[in-house]
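Q: My structure is below; once you've seen it, I'll send some questions.
The values are calculated or read from the model by the stated rules, or taken from the named source; none is laboratory data. Being a predicted model, the structure only gives us computed values, none of them experimental. Note that each Cβ is placed from the backbone with ideal geometry, even for glycine, and that neighbours are counted across all protein chains shown.
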Amino acid sequence: MNCPSHSMLLPEVVRVLHAARTDEVVVTTMGSAREWMLRGTHPLDFIYAPSAMGEAPALGLGLAIAQPRRRIVVCNGDGCMLMNLGSLVTIAAQAPPNLVLLIFENGVYEVTGAQPTAATQAPQQSPVNFATLARGAGFATVFEFDDLQEWEQQVSQVLSMPGPVLAVLKVAPVPEGGVPHSPAPPASRATALKQALGEG
Amino acid sequence: MFSGDELVGELRKMQISHVVWLPDSTLGTWEQALSGGSPGDAPKSEGPHLIRVCREAEAWAVAAGLYLGGARPLIMIQCTGLFDSGDSLRNAVHDYGLPLFAIIGYRSYLLAAATDSAKTYTEPVLQAWNIDYRLIDTPDKLPLLHEHYQQTQQAGQAGVVLVAEGRM
């Protein structure tokens, strides 16, 4: 398996994001949802579990368009991103200035047992470059991080720059990283988010 | 079936804020009315605003985000896109209970002899997903759109209006 470089640990990357978060709506999915839930709850959290795999960026786009005065941060996995690469084009076309899309790239489907994605299965294959894909789709602001200290230094900038912003975070798969479970009935959490946004 | 201007008039009565769409050859004739001009023109200031997606499953998730954020979205796709939509529709409508609403082009419905599988499976798929739907197969039934939207929104349930099409 030809995994991308793994110099950061997912729980640490999530810890840094959690510490930098102020009043953003944060949508998490898969491994990031599991790790985010360990750090408590916030009215503007949306744990996208259960999910339609691949659709978190689209959900975040809708939120960003409907809530233009709020920042929306979507935490996506690389397997999820591969499932809906077209959403990069959709987002770039809409160009929401308040949307930040983070891709946690570990090269595997972590929650199902760390099987390689199509992007990393072949030893002779170069890992897919999500930053290049994003630029090609029309994202003007793209970051890549494989060093925790750099992520820590720049996370506030990533969260505050005019969007759409995309950042690729190269992380190691979490051993035994399991499936995130909905922390409450999903429909009640959807209602709660709508209310927290002042729309319920 | 009806003109883009007639449709947009209905959508404004329904106070639809955004149309999330991927057109087919019938829905595509409404492009100019929905976008407020020719392709490439600046978006119109008056709604509904058009959001173009790359595949139909995406449309349900965009609409879900819009709805959670307080907008009044409507999805507009062909029935073949409904087939693509399955998991995203299931998640938004049945996991999160969002009363999303869609106009879906019913390919080949008006062709009595058509053996198009898209025609065969459209209604069974909607029934399988437990989506309350109505059929507009003549222009005079356009008011069904507003009526069904109001009914489903008041009930807090998802809804679909199928628009009969004759072309493949």
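Q: Name the helices (runs of 4 or more DSSP H) wholly inside the range B:1-95 in which the number of residues that are surrounded by fewer than 24 Cβ atoms within 10 Å (Cβ to Cβ) and more than 8 Å from chain A (Cβ to nearest Cβ) is 1 or more. Show your work before the answer.
A: Working: elements: B:4-13, B:31-35, B:56-68, B:79-89.
Per the criteria, B:4-13, B:31-35, B:79-89.
Q: Taking the condition more than 8 Å from chain A (Cβ to nearest Cβ), in contact (Cβ under 8 Å) with a residue 60 or more places away in the chain and out of contact with any strand residue (DSSP E or B) (no Cβ under 8 Å at 6 or more places or on another chain), does residue B:108 pass? Full working, then the answer.
A: Values: more than 8 Å from chain A (Cβ to nearest Cβ): yes; in contact (Cβ under 8 Å) with a residue 60 or more places away in the chain: yes; out of contact with any strand residue (DSSP E or B) (no Cβ under 8 Å at 6 or more places or on another chain): yes.
Yes.
Q: Taking the range A:30-67 on its own, how many of its residues are among the polar types (S, T, N, Q), within 14 Å of chain B (Cβ to nearest Cβ) and touching a residue at least 60 places away in the same chain (Cβ under 8 Å)?
A: Taking the range A:30-67 and keeping what is among the polar types (S, T, N, Q), we get A:32, A:41, A:51, A:67.
So of that shortlist, the ones also within 14 Å of chain B (Cβ to nearest Cβ) come out as A:51, A:67.
Next, from what is left, pick out any that are touching a residue at least 60 places away in the same chain (Cβ under 8 Å): A:67.
Looking only at that region, the number is 1.
Q: Name the residue that is modelled with the lowest pLDDT, counting only residues in the range A:189-200 that are surrounded by 12 or more Cβ atoms within 10 Å (Cβ to Cβ) and at the interface with another protein chain (Cβ under 9 Å from one of its Cβ atoms).
A: Filtering first and then ranking leaves A:200.
Q: Suppose the filter is over 18 Å from residue B:68 (Cα atoms) and either surrounded by fewer than 22 Cβ atoms within 10 Å (Cβ to Cβ) or in contact with a helix residue (DSSP H, G or I) (Cβ under 6 Å, 6 or more places away or on another chain) (or both); does residue A:28 pass it? Steps first, answer last, please.
A: On the way: over 18 Å from residue B:68 (Cα atoms): no; either surrounded by fewer than 22 Cβ atoms within 10 Å (Cβ to Cβ) or in contact with a helix residue (DSSP H, G or I) (Cβ under 6 Å, 6 or more places away or on another chain) (or both): yes.
Taking the combined requirement at face value, the residue does not satisfy it.
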